[in-house]
1. Return the lysines within reach of residue 229: Cα separation strictly under 28 angstrom, same-chain partners fewer than 8 residues apart disregarded; answer none if there are no such residues.
2. Could you compute the longest span of the chain free of chymotrypsin sites (Phe, Trp or Tyr not before Pro) located in DSSP loops and having at most 13 other Cβ atoms within 10 Å, not counting the site residues?
3. Based on C-alpha coordinates, I'd like the Rg and Dmax of the stretch 1-108, in Å.
4. If contacts are Cα pairs under 8 angstrom and at least 6 residues apart, what is the relative contact order of the chain in percent?
5. Using DSSP H assignments, which helices in the chain have an axial alpha-carbon span of 24 Å or above and a mean Kyte-Doolittle hydropathy of 0.0 or higher?
6. Going by a ≥ b ≥ c, the root eigenvalues of the Cα gyration tensor, does the stretch 103-254 fall in the rounded group (a/c under 1.5), the prolate group (a/b larger than b/c) or the oblate group?
7. Where the eigenvalues come from the Cα gyration tensor of the stretch 110-167, what are the semi-axes √(5λ) of the equivalent ellipsoid, largest first, in whole Å?
8. Can you give me the convex hull volume of the Cα atoms of the chain, divided per residue and expressed in Å³?
Amino acid sequence: HAQRLTGLGTTIFAEMSARAVATNSVNLGQGFPDRDGPDSLLEDAIAAIRAGVNQYPPGRGVPALRQAIADHQKRFYDLSYDPDTQVLVTTGATEAVAAALLAYVEPGDEVIALEPYYDSYAAGIAFAGGRRVPVTLRAPDFRLDLDELRAAVTPRTKVLLINSPHNPTGTVLTDDELRGIGAVAVEHDLVVITDEVYEHLAYDGRPHRPLASYDGMAERTVSISSAGKTFAVTGWKIGWVTGTPAVVTAVTTAKQFLTFTSGAPFQPAVAGALALGNEYYDSLRADLQSRRDLLCDGLEELGFGVHRPEGTYFVTTDIRPLGHTDGIDFCRMLPERTGVVAIPHQVFYDNTDQGRPLVRWAFCKQPELLREALTRLREL
Ligand code: PMP
Ligand code: GLN
C-alpha cells in the first residue's frame, strides 16, 4: 500500500469495541451514547424515509438543514452565516476535517495540532501530504501553553487544527487561550480548522466560545460541528462546516469528490432537532455532567488519578497510583481481567511518553452501566 497509510493500522476504537464484544465487557472505550437521541429526531428521520427522501440531496446539504445550522450559530453565538453560501453539510465531522485539510494543505505544509489529537486528524493530515506538528496539552491540567504554540510555528506552517471542548482531555479552551490562538493565526496568516463537535458539552457553567467569533478569525476559520454528539446519533454521520463563502467553497470542492453528498433522510430530521428549545440542550448537558461526576467519583475511590473534564464525554485518568505504567498494556489487560473497556491515550500522541500512563473512559452511558463498570473495576 501507499506510504500515506503507513502507521494508520486499525483505529483504536474499532480494536477496543471488538474486544468489548468478544469479552462481553462494559464498553467505556469508543465514545457513543447507549440511548439514542430525542424521539422527535428519530421519528422525523423515519417519516422522511417513508416520504421518499431517499435520493441524492443537494451537495451542500438540504436547504432546511443549512438554514437550521445558520439559525443555530446565530442563536447560540450571535454569528451570522448565509445558509446558501456559508454552510456545508458533511458526512460527519470526520469528513469535514478531512475535506478542510485537503482544501488547504499542500504537500510538505505543516499542520499544528493539539496533542493528544483525535486520531482521524493524523490520517487527514497524512492524506493531504502535510506534516503534523504537535503542541502538547500536558497532564495533569491539560492547558494550552501559548508559548509552545508560538514556538511551533515555522515558515512552513499552513494550518492550526484546534479542538475544544477537547477529546480526549476534556479541556475547554479559555477566552485567553482562544484569543492567543487567534493572535498567532493572524500574525502568521494561518488557516484555522476548529473542531467543535462537543460545543454543547461544556460543564460547570463554562461557556463554549467558537474560535470564529474572535478578532480576525471569521475570514480564516473553518468551523466544524456534528449532530452525532449533540443529538446522540453518532451513527448518522451528519456534520457541517461554517465559514466565509470562500472557505465553504474550498471545502465543498474537496467534499464533492469524497462523498458528493450526505444522508438524505437524516438531514431534515437534524434540522428539526437543531431548533429544539433550550431545555433540550440544558438537560443534555446537566445529564452528562452528573454522569461525569458519577464516573469520576467512582474512579477516584478506586485509586486512579482523575482529571475531571471541563467538557466532552470523556474522563482521563492516571493509572500510576494503581501501580500500572503503560496505558496500552493496561487497556489490553482490562477486558479479560474485569470486563471493562477503556482507551489508552498513547495512541493520540507523537510524544508517546506524555500519554503512556493515561487512560480515557467514556461516560455517555446510563448511570446503571457506569455503576456496573465501577463494580467490575473493583476486580483490578
Ligand atoms: N472530532 C472529534 C474530536 C470527535 O471526538 C469525533 C467523534 N468521535 C469526531 C470528530 C467525529 O465526528 P463524526 O462522528 O461526526 O464524524
Ligand atoms: N469520537 C469517538 C471517540 O473518540 C468515536 C470515534 C470513532 O469511533 N471513530 O471515542
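All of the numbers you see were taken from the coordinates with simple rules; none came from a lab. Quantities reported herein were computed from a predicted structural model and do not represent experimental measurements. Methodologically, a virtual Cβ is constructed for each residue, glycine included, from the backbone with ideal geometry; neighbour enumeration extends over all protein chains shown.
1. 74, 237, 255, 365
2. Working: sites that count: 257, 260.
No qualifying site falls inside 1-256, the longest such stretch.
3. Cα only, the stretch 1-108: 18.9, 49 Å (Rg, Dmax).
4. Numbers: 783 pairs, mean separation 93.4, N = 380.
Relative contact order here is 25 percent.
5. Working: long enough: 278-301 (34 Å, -1.10).
Qualifying helices, which must be both long enough and hydrophobic enough, do not occur.
6. Details: a/c = 1.35, a/b = 1.08, b/c = 1.25.
Verdict is rounded for the stretch 103-254.
7. Details: eigenvalues 70, 44, 11 Å².
After scaling each eigenvalue by five and taking roots: 19, 15, 7 Å.
8. On the way: hull volume 51.4 nm³, N = 380.
Taking the convex hull of the Cα positions in the chain, it is 135 Å³ per residue.
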